[in-house]
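**Q** I have a structure I would like to understand better, so I am pasting it below and will then ask my questions one at a time.
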Amino acid sequence: MPEYYTSIGEAVGAAMAHNIRLAHGGGTPAEPPLQARFLPHPSADPYSVPGMIARLTEDASPNEVAAIIEEVNGALTGAVPQLTELVAAAADWTRARLQFDDPHHNPTFETWTYLAAAHDMLRDVQETLEIAEDRLVSCPAERTDPRHHDRVRVLRTRELLSDVLSAGPETETASPADQAPEVNRQRAARTSSPQAAARRTTPSARTAEMPANSSPSRAPRTR
């Protein structure tokens with residue numbers, strides 16, 4: 001089995017498959033122990049991509065959002081330029097394995113064209129983000145009437161893993177004064193999440209089963 005896994009679900013699935021093989025005598029004692037990939041909390045590195053996503057809530061100011069876009073698109077350490085270089089390196093790796101002996105069948109060249117196209121699109125993304133960065137500071141500082149928001153679709157489709165799993169080790173050991181900003185950030189992230197509206201409008205099964213005139217049960221009094 002590989003030493004690291006890209007997600008918790010993949011690690012759990014590999015562990016289950018490993019246990020099944022052991023139960024049926026298919027595993028070997030010499031296999032290395034299963035290890036999950038460590039995912040640091042966004043607050044541990046506010047300039048990482050998860051950290052910047054955590055800071056980019058709907059209550060952030062225009063200058064804060066512009067600074068985050070500038071950071072993610074920076075030429076030296078920005079995530080977008082680094083991703084562009086990574087795709088370019090993959091395209092160059094494929095280029096070193098090209099051969100055109102068969103003009104009718106060349107899957108390696110097709111792979112190179114996909115990577116080259118992705119590289120060109122990422123270059124376009126960098127230029128587009130530079131334009132958006134200059135325009136962000138002129139956006140209103142306060143949120144507008146929600147009736148205007150329905151004219152365009154929500155683009156974000158994923159939540160941060162730390163928001164899905166609630167508070168991490170950093171917030172559990174922090175003092176109440178230090179814990180409040182992180183709790184407020186997680187609450188704002190869940191509120192602005194695309195899944196939040198569905199959770200607000202869909203009643204739970206327990207609520208649906210409870211009669212309208214029923215009141216919550218009270219604990220018996222102790223004398």
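The values are calculated or read from the model by the stated rules, or taken from the named source; none is laboratory data. Remember, it's a predicted structure, so these values are computed and weren't measured experimentally. Ideal geometry is used to build each Cβ from the backbone, glycine not excepted, and the neighbour counts take in all protein chains shown. Note: areas computed on protein heavy atoms with side chains; ligands, DNA, RNA excluded. Shrake-Rupley method; radii C 1.70, N 1.55, O 1.52, S 1.80 Å.
**Q** In terms of the ratio Rg/(2.2 N^0.38 Å) built on C-alpha atoms, what value belongs to segment 56-127?
**A** 1.55
**Q** Got a sec to turn the phi values of segment 17-24 into Karplus ³J(HN,Hα) couplings, 6.51 cos²θ - 1.76 cosθ + 1.60 with θ = phi - 60°, whole Hz, x for Gly and Pro?
**A** For segment 17-24, the Karplus curve yields 4, 5, 5, 5, 5, 5, 5, 9 Hz.
**Q** Taking θ as phi - 60°, what are the ³J(HN,Hα) couplings along segment 120-132 by the Karplus curve (6.51, -1.76, 1.60), each to the nearest whole Hz, with x for Gly and Pro?
**A** For segment 120-132, the Karplus-derived couplings read 5, 5, 5, 5, 5, 4, 4, 5, 5, 5, 4, 5, 5 Hz, x marking Gly and Pro.
**Q** Let me ask another. Any idea how far apart D134 and R158 come out in nm if each label point goes 7 Å out from Cα toward Cβ?
**A** 3.1 nm
**Q** Another one. Which percent of the accessible heavy-atom area of segment 40-84 goes to carbon and sulfur, probe 1.4 angstrom? The partial results should precede the final answer.
**A** On the way: 1430 of 2400 Å².
Of the solvent-accessible surface of segment 40-84, carbon and sulfur hold 60 percent.
**Q** Which whole-Hz ³J(HN,Hα) couplings does segment 44-52 yield from phi under the Karplus relation 6.51 cos²θ - 1.76 cosθ + 1.60, θ = phi - 60°, glycine and proline marked x?
**A** 5, 9, x, 9, 6, 4, x, x, 6
**Q** To continue, here is another question. Which GluC sites (Glu not before Pro) does segment 69-163 hold that lie in a coil by DSSP with at most 13 other beta carbons within 10 Å? Walk me through the numbers on the way to the answer.
**A** Values: sites: E70, E71, E85, E110, E127, E130, E133, E142, E159; in loops: E142, E159.
Passing both the DSSP loop test and the Cβ count: E142.
**Q** Are there trypsin sites (Lys or Arg not before Pro) in segment 95-166 that DSSP marks as loop and that have at most 12 other Cβ atoms within 10 Å, and which are they? Spell out each step's value before the answer.
**A** Numbers: sites: R95, R97, R123, R135, R143, R147, R151, R153, R156, R158; in loops: R97, R143, R153, R156, R158.
For trypsin sites (Lys or Arg not before Pro) across segment 95-166 that sit outside H, G, I, E and B with at most 12 neighbouring Cβ atoms in 10 Å, the list reads R97, R143, R153, R156, R158.
**Q** Could you give the dipole magnitude of segment 32-104 about its Cα centre, charging the beta-carbon of Lys and Arg +1 and that of Asp and Glu -1, in debye to the nearest 20?
**A** Details: 4 positive and 10 negative charges, 57 e Å.
Around 280 debye, computed over segment 32-104.
**Q** Continuing with this model, one more query. Roughly how big is segment 71-165's charge dipole about its Cα centre, with Cβ charges of +1 (Lys, Arg) and -1 (Asp, Glu), in debye to the nearest 20?
**A** On the way: 10 positive and 17 negative charges, 63 e Å.
Once rounded to the nearest 20, the dipole reads 300 debye.
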